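The values are calculated or read from the model by the stated rules, or taken from the named source; none is laboratory data. Model, not experiment: these values are computed from the prediction. FYI the Cβ positions are ideal-geometry reconstructions off the backbone, even for glycines, and counts take in every protein chain you see. Accessible surface areas use protein heavy atoms only, side chains included; no ligands, DNA or RNA. Shrake-Rupley method; radii C 1.70, N 1.55, O 1.52, S 1.80 Å.
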Amino acid sequence: MIVLGIETTCDETAAAVVERRDDGRGRILSNVVLSQVSEHAPFGGVVPEIAARAHVEVLDTVIAQAMDEAGLGFDRLDGVAAAAGPGLIGGVIVGLTTAKAIALVQGKPLIAVNHLEAHALTARLTDATPFPYCLFLASGGHTQIVAVRGVGDYVRLGTTHDDAIGEAFDKTAKLLGLGYPGGPQVEKEAAAGNAARFALPRPMHGRKDADFSLSGLKTALRLEAEKIAPLSDQDVADLCAAFQQAVVDVVFDRLRAGLRIFRAKFGAPTALVAAGGVAANQAIRKVLQRLAVEAGTALVAPPLELCTDNGAMIAWAGAERLALGLSDGLDVAPRARWPLDEIAAAQGALKRTAAYK
Ligand code: KG4
Ligand code: ZN
(Lines give C-alpha, C1' and ligand atoms only; values in the text may rest on other atoms or scores of the structure.)
(Ligands and ions follow the chains in the order given, each with its own letter.)
Protein backbone atom coordinates (compact mmCIF):
# COMPACT_ATOMS: atom_id res chain seq x y z
CA MET A 1 0.00 0.00 0.00
CA ILE A 2 1.53 3.31 -1.13
CA VAL A 3 0.28 6.65 0.19
CA LEU A 4 1.15 10.29 -0.50
CA GLY A 5 1.09 12.45 2.63
CA ILE A 6 0.78 16.24 2.80
CA GLU A 7 1.58 18.36 5.87
CA THR A 8 0.75 22.09 6.05
CA THR A 9 -0.58 22.66 9.58
CA CYS A 10 2.19 24.98 10.78
CA ASP A 11 5.37 26.37 9.23
CA GLU A 12 6.62 23.36 7.29
CA THR A 13 5.38 22.59 3.79
CA ALA A 14 5.95 18.87 3.44
CA ALA A 15 5.05 15.93 1.22
CA ALA A 16 6.18 12.32 1.29
CA VAL A 17 5.46 8.94 -0.19
CA VAL A 18 5.41 5.98 2.19
CA GLU A 19 4.80 2.30 1.67
CA ARG A 20 3.07 0.11 4.23
CA ARG A 21 3.62 -3.56 3.61
CA ASP A 22 1.05 -6.21 4.45
CA ASP A 23 3.11 -7.28 7.48
CA GLY A 24 2.71 -3.75 8.90
CA ARG A 25 6.27 -2.65 8.18
CA GLY A 26 6.88 0.78 6.71
CA ARG A 27 9.27 2.22 4.18
CA ILE A 28 9.79 5.86 3.27
CA LEU A 29 10.08 6.31 -0.50
CA SER A 30 10.52 10.07 -0.31
CA ASN A 31 10.24 12.78 2.33
CA VAL A 32 10.44 16.43 1.26
CA VAL A 33 10.25 19.18 3.89
CA LEU A 34 10.45 22.86 3.10
CA SER A 35 10.76 24.96 6.25
CA GLN A 36 9.39 28.50 6.35
CA VAL A 37 11.55 29.40 9.36
CA SER A 38 13.34 32.24 7.59
CA GLU A 39 10.03 33.89 6.63
CA HIS A 40 8.77 33.88 10.22
CA ALA A 41 12.06 34.57 12.00
CA PRO A 42 11.79 38.40 11.77
CA PHE A 43 8.52 38.16 13.75
CA GLY A 44 9.85 35.80 16.43
CA GLY A 45 7.08 33.27 15.77
CA VAL A 46 4.81 31.79 13.11
CA VAL A 47 2.55 34.35 11.40
CA PRO A 48 -0.55 32.42 10.20
CA GLU A 49 -1.24 34.49 7.08
CA ILE A 50 2.38 34.35 5.94
CA ALA A 51 2.37 30.58 6.54
CA ALA A 52 -0.78 30.03 4.48
CA ARG A 53 0.53 32.09 1.55
CA ALA A 54 3.88 30.30 1.63
CA HIS A 55 2.14 26.90 1.56
CA VAL A 56 0.13 27.97 -1.51
CA GLU A 57 3.29 29.08 -3.28
CA VAL A 58 5.37 25.94 -2.80
CA LEU A 59 3.08 22.98 -2.13
CA ASP A 60 2.70 21.90 -5.78
CA THR A 61 6.48 21.85 -6.22
CA VAL A 62 7.03 20.00 -2.95
CA ILE A 63 4.49 17.32 -3.95
CA ALA A 64 6.02 16.99 -7.43
CA GLN A 65 9.44 16.54 -5.85
CA ALA A 66 8.15 13.89 -3.44
CA MET A 67 6.56 11.92 -6.31
CA ASP A 68 9.69 12.34 -8.39
CA GLU A 69 12.03 11.14 -5.65
CA ALA A 70 9.76 8.15 -5.02
CA GLY A 71 9.95 7.43 -8.75
CA LEU A 72 6.19 7.01 -9.02
CA GLY A 73 3.28 8.45 -10.94
CA PHE A 74 0.06 9.41 -9.12
CA ASP A 75 -1.59 6.33 -10.64
CA ARG A 76 0.58 4.10 -8.42
CA LEU A 77 -0.83 5.58 -5.21
CA ASP A 78 -3.34 3.67 -3.10
CA GLY A 79 -4.42 6.79 -1.28
CA VAL A 80 -3.81 10.49 -0.69
CA ALA A 81 -3.49 11.69 2.91
CA ALA A 82 -3.38 15.23 4.26
CA ALA A 83 -3.24 16.66 7.75
CA ALA A 84 -6.78 18.01 8.24
CA GLY A 85 -5.94 19.57 11.63
CA PRO A 86 -5.31 20.60 14.30
CA GLY A 87 -3.31 23.62 13.22
CA LEU A 88 -3.35 27.03 11.59
CA ILE A 89 -6.52 26.87 9.53
CA GLY A 90 -5.23 28.73 6.45
CA GLY A 91 -2.43 26.23 5.99
CA VAL A 92 -4.64 23.24 6.76
CA ILE A 93 -7.08 24.35 4.03
CA VAL A 94 -4.25 24.57 1.49
CA GLY A 95 -2.99 21.04 2.17
CA LEU A 96 -6.37 19.37 2.48
CA THR A 97 -7.81 21.02 -0.63
CA THR A 98 -4.78 19.98 -2.66
CA ALA A 99 -5.12 16.40 -1.42
CA LYS A 100 -8.81 16.43 -2.34
CA ALA A 101 -8.01 17.62 -5.86
CA ILE A 102 -5.43 14.86 -6.39
CA ALA A 103 -7.73 12.21 -4.92
CA LEU A 104 -10.63 13.36 -7.09
CA VAL A 105 -8.68 13.55 -10.34
CA GLN A 106 -6.83 10.26 -9.74
CA GLY A 107 -9.83 8.43 -8.33
CA LYS A 108 -7.98 7.53 -5.11
CA PRO A 109 -9.26 7.41 -1.53
CA LEU A 110 -8.68 10.51 0.59
CA ILE A 111 -7.53 10.15 4.18
CA ALA A 112 -7.97 13.19 6.43
CA VAL A 113 -5.29 12.67 9.06
CA ASN A 114 -5.15 14.19 12.52
CA HIS A 115 -1.69 15.77 12.82
CA LEU A 116 -1.31 14.53 16.41
CA GLU A 117 -2.30 11.01 15.39
CA ALA A 118 0.46 11.15 12.78
CA HIS A 119 3.03 12.07 15.46
CA ALA A 120 1.59 9.28 17.61
CA LEU A 121 1.94 6.57 14.95
CA THR A 122 5.42 7.50 13.68
CA ALA A 123 7.05 4.95 16.01
CA ARG A 124 5.30 2.22 14.04
CA LEU A 125 6.80 3.50 10.80
CA THR A 126 10.33 3.69 12.19
CA ASP A 127 10.35 0.85 14.73
CA ALA A 128 7.17 -1.20 14.11
CA THR A 129 6.31 -0.57 17.76
CA PRO A 130 3.34 -2.72 18.81
CA PHE A 131 0.36 -1.33 20.76
CA PRO A 132 -0.11 -0.26 23.49
CA TYR A 133 2.61 2.31 24.05
CA CYS A 134 3.02 5.52 26.01
CA LEU A 135 3.52 8.58 23.84
CA PHE A 136 5.20 11.76 25.02
CA LEU A 137 4.39 14.41 22.44
CA ALA A 138 6.13 17.73 22.97
CA SER A 139 6.13 20.32 20.22
CA GLY A 140 5.56 24.04 19.76
CA GLY A 141 1.80 23.59 19.97
CA HIS A 142 1.31 20.48 22.10
CA THR A 143 2.47 18.80 25.27
CA GLN A 144 0.66 15.55 25.86
CA ILE A 145 1.08 12.13 27.39
CA VAL A 146 -1.08 9.66 25.49
CA ALA A 147 -1.85 5.96 25.75
CA VAL A 148 -1.75 4.75 22.15
CA ARG A 149 -3.81 1.55 22.18
CA GLY A 150 -4.58 1.15 18.49
CA VAL A 151 -5.14 3.14 15.32
CA GLY A 152 -7.85 5.65 16.25
CA ASP A 153 -7.72 4.57 19.89
CA TYR A 154 -5.94 7.20 21.98
CA VAL A 155 -6.43 8.07 25.64
CA ARG A 156 -4.95 11.33 26.78
CA LEU A 157 -3.32 10.86 30.19
CA GLY A 158 -1.86 14.34 30.61
CA THR A 159 -1.71 17.71 28.92
CA THR A 160 -0.55 21.24 29.59
CA HIS A 161 -2.77 23.77 31.33
CA ASP A 162 -1.09 26.66 29.54
CA ASP A 163 2.02 26.78 27.32
CA ALA A 164 3.38 23.86 25.35
CA ILE A 165 7.00 22.95 26.17
CA GLY A 166 8.27 24.05 22.75
CA GLU A 167 6.36 27.29 23.14
CA ALA A 168 8.04 27.86 26.52
CA PHE A 169 11.44 27.30 24.89
CA ASP A 170 10.48 29.72 22.10
CA LYS A 171 9.26 32.40 24.54
CA THR A 172 12.37 32.02 26.68
CA ALA A 173 14.54 32.50 23.59
CA LYS A 174 12.57 35.59 22.60
CA LEU A 175 12.86 37.07 26.08
CA LEU A 176 16.62 36.54 26.06
CA GLY A 177 17.06 37.98 22.58
CA LEU A 178 17.87 34.64 20.94
CA GLY A 179 16.56 33.71 17.51
CA TYR A 180 13.53 31.72 16.36
CA PRO A 181 12.82 28.83 16.71
CA GLY A 182 14.02 29.06 20.26
CA GLY A 183 14.47 25.43 21.32
CA PRO A 184 17.76 24.74 19.55
CA GLN A 185 19.16 28.17 20.56
CA VAL A 186 18.29 27.70 24.23
CA GLU A 187 19.83 24.23 24.17
CA LYS A 188 23.03 25.60 22.64
CA GLU A 189 23.30 28.42 25.19
CA ALA A 190 22.50 26.05 28.06
CA ALA A 191 25.55 23.94 27.24
CA ALA A 192 27.78 26.84 28.41
CA GLY A 193 25.65 27.83 31.38
CA ASN A 194 25.41 27.15 35.10
CA ALA A 195 21.92 25.80 35.87
CA ALA A 196 22.40 26.13 39.64
CA ARG A 197 22.73 29.93 39.56
CA PHE A 198 18.97 30.54 39.53
CA ALA A 199 16.29 28.78 41.58
CA LEU A 200 13.39 28.32 39.17
CA PRO A 201 10.14 26.54 40.15
CA ARG A 202 9.13 23.01 39.04
CA PRO A 203 5.39 23.57 38.45
CA MET A 204 2.99 20.68 39.24
CA HIS A 205 5.79 18.69 40.91
CA GLY A 206 4.58 15.64 42.80
CA ARG A 207 0.96 15.78 41.66
CA LYS A 208 -0.78 12.45 41.04
CA ASP A 209 -2.13 13.52 37.66
CA ALA A 210 0.15 13.81 34.64
CA ASP A 211 -0.59 17.40 33.65
CA PHE A 212 1.90 20.17 32.90
CA SER A 213 2.04 23.89 33.54
CA LEU A 214 4.83 25.98 32.07
CA SER A 215 3.68 29.57 32.35
CA GLY A 216 4.85 30.02 35.98
CA LEU A 217 8.31 28.84 35.01
CA LYS A 218 8.41 31.31 32.16
CA THR A 219 7.36 34.16 34.46
CA ALA A 220 9.94 33.19 37.11
CA LEU A 221 12.62 33.24 34.44
CA ARG A 222 11.54 36.68 33.26
CA LEU A 223 11.71 38.05 36.81
CA GLU A 224 15.22 36.64 37.31
CA ALA A 225 16.33 38.15 34.00
CA GLU A 226 14.85 41.55 34.90
CA LYS A 227 16.67 41.52 38.24
CA ILE A 228 20.10 41.23 36.62
CA ALA A 229 19.50 43.17 33.37
CA PRO A 230 21.35 44.20 31.24
CA LEU A 231 22.34 40.61 30.51
CA SER A 232 25.86 39.51 29.70
CA ASP A 233 26.47 36.50 27.46
CA GLN A 234 27.16 34.41 30.57
CA ASP A 235 23.88 35.59 32.16
CA VAL A 236 21.99 34.41 29.08
CA ALA A 237 23.77 31.04 29.13
CA ASP A 238 23.07 30.58 32.85
CA LEU A 239 19.39 31.51 32.45
CA CYS A 240 19.06 29.05 29.54
CA ALA A 241 20.74 26.30 31.56
CA ALA A 242 18.47 26.95 34.57
CA PHE A 243 15.38 26.98 32.35
CA GLN A 244 16.30 23.79 30.52
CA GLN A 245 17.13 21.99 33.78
CA ALA A 246 13.75 23.02 35.22
CA VAL A 247 11.98 21.69 32.10
CA VAL A 248 13.95 18.45 32.28
CA ASP A 249 12.95 18.00 35.95
CA VAL A 250 9.32 18.79 35.11
CA VAL A 251 9.29 16.28 32.26
CA PHE A 252 10.80 13.63 34.52
CA ASP A 253 8.23 14.13 37.26
CA ARG A 254 5.15 14.53 35.02
CA LEU A 255 6.00 11.70 32.65
CA ARG A 256 6.77 9.42 35.55
CA ALA A 257 3.25 10.14 36.83
CA GLY A 258 1.92 9.49 33.31
CA LEU A 259 3.67 6.12 33.10
CA ARG A 260 2.26 5.21 36.50
CA ILE A 261 -1.27 6.02 35.31
CA PHE A 262 -0.65 4.10 32.08
CA ARG A 263 0.41 0.99 33.98
CA ALA A 264 -2.56 1.17 36.34
CA LYS A 265 -5.06 1.53 33.50
CA PHE A 266 -3.61 -0.48 30.65
CA GLY A 267 -0.75 -2.62 32.01
CA ALA A 268 2.86 -2.35 30.90
CA PRO A 269 3.50 -0.23 27.79
CA THR A 270 5.52 -1.84 24.99
CA ALA A 271 7.57 1.38 24.82
CA LEU A 272 7.92 4.98 25.80
CA VAL A 273 7.71 6.87 22.50
CA ALA A 274 9.00 10.41 21.96
CA ALA A 275 7.54 12.72 19.31
CA GLY A 276 7.51 16.41 18.44
CA GLY A 277 10.27 18.93 17.95
CA VAL A 278 11.22 19.13 21.64
CA ALA A 279 12.36 15.49 21.44
CA ALA A 280 15.32 16.87 19.47
CA ASN A 281 16.69 18.22 22.77
CA GLN A 282 19.50 16.00 24.04
CA ALA A 283 18.87 16.74 27.74
CA ILE A 284 15.21 15.78 27.28
CA ARG A 285 16.16 12.64 25.39
CA LYS A 286 18.45 11.67 28.23
CA VAL A 287 15.69 12.02 30.80
CA LEU A 288 13.33 9.98 28.61
CA GLN A 289 15.94 7.24 28.50
CA ARG A 290 16.20 7.30 32.28
CA LEU A 291 12.43 7.08 32.63
CA ALA A 292 12.17 4.19 30.18
CA VAL A 293 14.80 2.23 32.11
CA GLU A 294 13.05 2.96 35.39
CA ALA A 295 9.71 1.83 33.91
CA GLY A 296 11.32 -1.33 32.52
CA THR A 297 10.40 -0.44 28.98
CA ALA A 298 12.18 0.61 25.77
CA LEU A 299 12.58 4.18 24.58
CA VAL A 300 11.62 4.71 20.96
CA ALA A 301 12.80 8.10 19.76
CA PRO A 302 12.43 8.43 15.99
CA PRO A 303 15.20 10.24 14.07
CA LEU A 304 15.00 14.01 14.50
CA GLU A 305 13.65 14.67 11.02
CA LEU A 306 10.69 12.40 11.83
CA CYS A 307 10.14 13.94 15.29
CA THR A 308 9.55 17.38 13.80
CA ASP A 309 6.73 18.03 11.33
CA ASN A 310 7.02 16.08 8.09
CA GLY A 311 4.97 14.47 5.35
CA ALA A 312 6.07 10.89 6.00
CA MET A 313 4.19 10.76 9.29
CA ILE A 314 1.01 11.95 7.55
CA ALA A 315 1.42 9.40 4.74
CA TRP A 316 2.07 6.66 7.30
CA ALA A 317 -0.97 7.54 9.43
CA GLY A 318 -3.00 7.57 6.20
CA ALA A 319 -1.68 4.13 5.28
CA GLU A 320 -2.44 2.76 8.76
CA ARG A 321 -6.01 4.01 8.48
CA LEU A 322 -6.40 2.79 4.92
CA ALA A 323 -5.18 -0.67 5.98
CA LEU A 324 -8.17 -0.74 8.35
CA GLY A 325 -10.54 0.26 5.56
CA LEU A 326 -10.85 3.81 6.87
CA SER A 327 -10.98 6.75 4.46
CA ASP A 328 -12.85 10.05 4.20
CA GLY A 329 -15.31 11.70 1.83
CA LEU A 330 -14.29 14.67 -0.29
CA ASP A 331 -16.54 16.82 1.88
CA VAL A 332 -14.39 16.31 5.01
CA ALA A 333 -13.78 19.64 6.75
CA PRO A 334 -10.46 21.12 7.89
CA ARG A 335 -10.27 21.55 11.66
CA ALA A 336 -8.30 24.16 13.59
CA ARG A 337 -9.00 22.25 16.80
CA TRP A 338 -9.11 18.47 16.83
CA PRO A 339 -8.20 16.75 20.13
CA LEU A 340 -6.59 13.36 19.73
CA ASP A 341 -9.22 11.51 21.71
CA GLU A 342 -11.98 12.85 19.45
CA ILE A 343 -10.76 11.02 16.37
CA ALA A 344 -13.65 10.14 14.11
CA ALA A 345 -14.29 6.48 13.44
CA ALA A 346 -12.56 5.59 16.70
CA GLN A 347 -15.26 3.11 17.53
CA GLY A 348 -14.98 1.33 14.20
CA ALA A 349 -11.22 1.29 14.39
CA LEU A 350 -11.31 0.08 17.97
CA LYS A 351 -13.25 -3.04 17.04
CA ARG A 352 -10.93 -3.83 14.20
CA THR A 353 -7.78 -3.09 16.19
CA ALA A 354 -8.25 -6.28 18.18
CA ALA A 355 -7.31 -8.31 15.11
CA TYR A 356 -4.70 -5.83 13.97
CA LYS A 357 -1.00 -6.05 14.80
O1 KG4 B 1 7.02 19.35 16.17
P2 KG4 B 1 7.53 20.69 15.74
O3 KG4 B 1 8.52 20.73 14.61
O4 KG4 B 1 6.39 21.65 15.30
C5 KG4 B 1 5.17 21.77 15.97
O6 KG4 B 1 4.23 21.00 15.62
O7 KG4 B 1 5.13 22.62 16.88
O8 KG4 B 1 8.16 21.38 17.05
C9 KG4 B 1 8.72 22.66 17.03
C10 KG4 B 1 9.03 23.04 18.45
C11 KG4 B 1 9.48 24.49 18.60
O12 KG4 B 1 8.79 25.08 19.67
C13 KG4 B 1 10.97 24.38 18.89
O14 KG4 B 1 11.48 25.43 19.67
C15 KG4 B 1 11.04 23.06 19.62
O16 KG4 B 1 10.09 22.23 18.96
N17 KG4 B 1 12.38 22.49 19.55
C18 KG4 B 1 13.19 22.32 20.61
C19 KG4 B 1 14.43 21.85 20.10
N20 KG4 B 1 14.32 21.76 18.74
C21 KG4 B 1 13.05 22.15 18.43
N22 KG4 B 1 12.98 22.52 21.92
C23 KG4 B 1 14.01 22.27 22.75
N24 KG4 B 1 15.22 21.84 22.34
C25 KG4 B 1 15.49 21.62 21.04
N26 KG4 B 1 16.67 21.20 20.63
ZN1 ZN C 1 3.76 18.67 14.95
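Give me the strands (runs of 3 or more DSSP E) completely within segment 23-128, filtered to those with at least 3 residues that are within 18 Å of the chain's Cα centre (by Cα) and crowded, with 22+ Cβ neighbours inside 10 Å, ordered by residue number. Give the steps one after another, and end with the answer.
Values: elements: 26-35, 79-85, 110-114.
Filter on segment 23-128 gives 79-85, 110-114.
Go through the residues of segment 247-256 one by one and say whether even a single one is open to solvent by 10 Å² or more (accessible area, probe 1.4 Å), modelled with pLDDT of 95 or more and over 20 Å from residue 212 (Cβ atoms). Walk me through how you get there before you give the answer.
Kept after step one, since they are open to solvent by 10 Å² or more (accessible area, probe 1.4 Å), are these residues of segment 247-256: 248-249, 252-253, 256.
Subsequent filtering for residues that are modelled with pLDDT of 95 or more retains 248-249, 252-253, 256.
Checking the rest, the ones that are also over 20 Å from residue 212 (Cβ atoms) come to none.
Checking segment 247-256: not a single residue is open to solvent by 10 Å² or more (accessible area, probe 1.4 Å), modelled with pLDDT of 95 or more and over 20 Å from residue 212 (Cβ atoms).
Tell me, which residue of segment 9-21 that is at pLDDT 95 or above and either out of contact with any strand residue (DSSP E or B) (no Cβ under 7 Å at 6 or more places or on another chain) or not β-branched (Val, Ile, Thr) (or both) is surrounded by the fewest Cβ atoms within 10 Å (Cβ to Cβ)?
From segment 9-21, those at pLDDT 95 or above are 9, 13-21; that's our starting set.
In the following step, the residues that additionally are either out of contact with any strand residue (DSSP E or B) (no Cβ under 7 Å at 6 or more places or on another chain) or not β-branched (Val, Ile, Thr) (or both) were identified as 14-16, 19-21.
Numbers: 14: 29, 15: 35, 16: 29, 19: 18, 20: 22, 21: 11.
So the residue we want is 21.
If you scan segment 191-236, which residues turn out to be touching a residue at least 60 places away in the same chain (Cβ under 8 Å) and either closer than 19 Å to residue 253 by Cβ or not aliphatic (A, V, I, L, M) (or both)?
Restricting attention to segment 191-236, the residues satisfying the condition of being touching a residue at least 60 places away in the same chain (Cβ under 8 Å) are 210, 212, 214, 236.
Matches in segment 191-236: 210, 212, 214.
Tally the residues that are more than 10 Å from ligand 1 (Cβ to nearest atom), open to solvent by less than 10 Å² (accessible area, probe 1.4 Å) and over 12 Å from the mean Cα position of the chain (by Cα), restricting the search to segment 273-303. Give the derivation first.
So in segment 273-303, the residues more than 10 Å from ligand 1 (Cβ to nearest atom) come out as 273-274, 286-303.
Narrowing the set further to residues that are open to solvent by less than 10 Å² (accessible area, probe 1.4 Å) leaves 273-274, 287-288, 291-292, 302.
Narrowing the set further to residues that are over 12 Å from the mean Cα position of the chain (by Cα) leaves 287-288, 291-292.
Number of matching residues: 4.
One line per residue, one yes/no per condition, for (1) aromatic (Phe, Trp, Tyr); (2) surrounded by 17 or more Cβ atoms within 10 Å (Cβ to Cβ); (3) in contact with a Pro (Cβ under 6 Å, 6 or more places away or on another chain):
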| position | (1), (2), (3) |
| --- | --- |
| 161 | no, no, no |
| 164 | no, yes, no |
| 168 | no, yes, no |
| 178 | no, yes, no |
| 189 | no, yes, no |
| 200 | no, yes, no |
| 212 | yes, yes, no |
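Limited to segment 78-99, what total is found for residues that are in contact with a strand residue (DSSP E or B) (Cβ under 6 Å, 6 or more places away or on another chain) and of a type outside the set (Val, Ile, Thr)?
Summing the residues that are in contact with a strand residue (DSSP E or B) (Cβ under 6 Å, 6 or more places away or on another chain) and of a type outside the set (Val, Ile, Thr) in segment 78-99 gives 9.
Of all residues in segment 4-22 being touching a residue at least 24 places away in the same chain (Cβ under 8 Å) and assigned to a loop (DSSP other than H, G, I, E, B), which is nearest to residue 71 (Cα to Cα)?
As a first pass, look at segment 4-22 and keep what is touching a residue at least 24 places away in the same chain (Cβ under 8 Å): 4-20.
Keeping just the survivors that are assigned to a loop (DSSP other than H, G, I, E, B) gives 8-11.
Details: 8: 23, 9: 26, 10: 27, 11: 27 Å.
It comes out as 8.
Can you tell me which residue in segment 258-272 is surrounded by the fewest Cβ atoms within 10 Å (Cβ to Cβ), limited to those that are out of contact with any Gly (no Cβ under 7 Å at 6 or more places or on another chain) and in a helix (DSSP H, G or I)?
Ranking the qualifying residues of segment 258-272, first place goes to 264.
So, of the residues in segment 304-326 that are closer than 18 Å to residue 86 by Cα and of a type outside the set (A, V, I, L, M, F, W, C), which turns out to be surrounded by the most Cβ atoms within 10 Å (Cβ to Cβ)?
Within segment 304-326, the match that is surrounded by the most Cβ atoms within 10 Å (Cβ to Cβ) is 318.
Any residue in segment 144-159 that is within 15 Å of ligand 1 (Cβ to nearest atom), among the small types (Gly, Ala, Ser) and buried (at least 21 other Cβ atoms within 10 Å of the Cβ)?
No: segment 144-159 contains no residue that is within 15 Å of ligand 1 (Cβ to nearest atom), among the small types (Gly, Ala, Ser) and buried (at least 21 other Cβ atoms within 10 Å of the Cβ).
Among the candidates 277, 267, which residue alone is touching a Ser or Thr at 6+ places or on another chain (Cβ under 6 Å) and within 30 Å of residue 126 (Cα to Cα)?
277
Six or more apart or on different chains, Cβ under 8 Å: which pairs go from a residue in segment 113-137 that's of a type in the set (Lys, Arg) to one that's buried (at least 24 other Cβ atoms within 10 Å of the Cβ)? Could you list them?
Taking only residues 6 or more apart or on different chains, the pairs are 124/316; 124/320.
Taking segment 120-142 as the search range and keeping residues that are modelled with pLDDT under 95 and in contact with a helix residue (DSSP H, G or I) (Cβ under 6 Å, 6 or more places away or on another chain), which one is nearest to ligand 2 (Cβ to nearest atom)?
Among them, the one singled out is 139.
Test of understanding: among 283, 333, which residue is in contact with a strand residue (DSSP E or B) (Cβ under 9 Å, 6 or more places away or on another chain) and at pLDDT 95 or above?
333
Need the failing condition index for residue 224 against (1) over 17 Å from residue 140 (Cβ atoms); (2) in a helix (DSSP H, G or I); (3) in contact with a Cys (Cβ under 6 Å, 6 or more places away or on another chain), just the number.
Single failed check for residue 224: (3).
Would you tally the residues in segment 129-143 being within 15 Å of ligand 1 (Cβ to nearest atom) and either within 15 Å of residue 316 (Cβ to Cβ) or not in a strand (DSSP E or B) (or both)?
Looking only at segment 129-143, we keep the residues that are within 15 Å of ligand 1 (Cβ to nearest atom), and these are 135-143.
Right, trim to either within 15 Å of residue 316 (Cβ to Cβ) or not in a strand (DSSP E or B) (or both) and you get 135, 139-142.
So the answer is 5.
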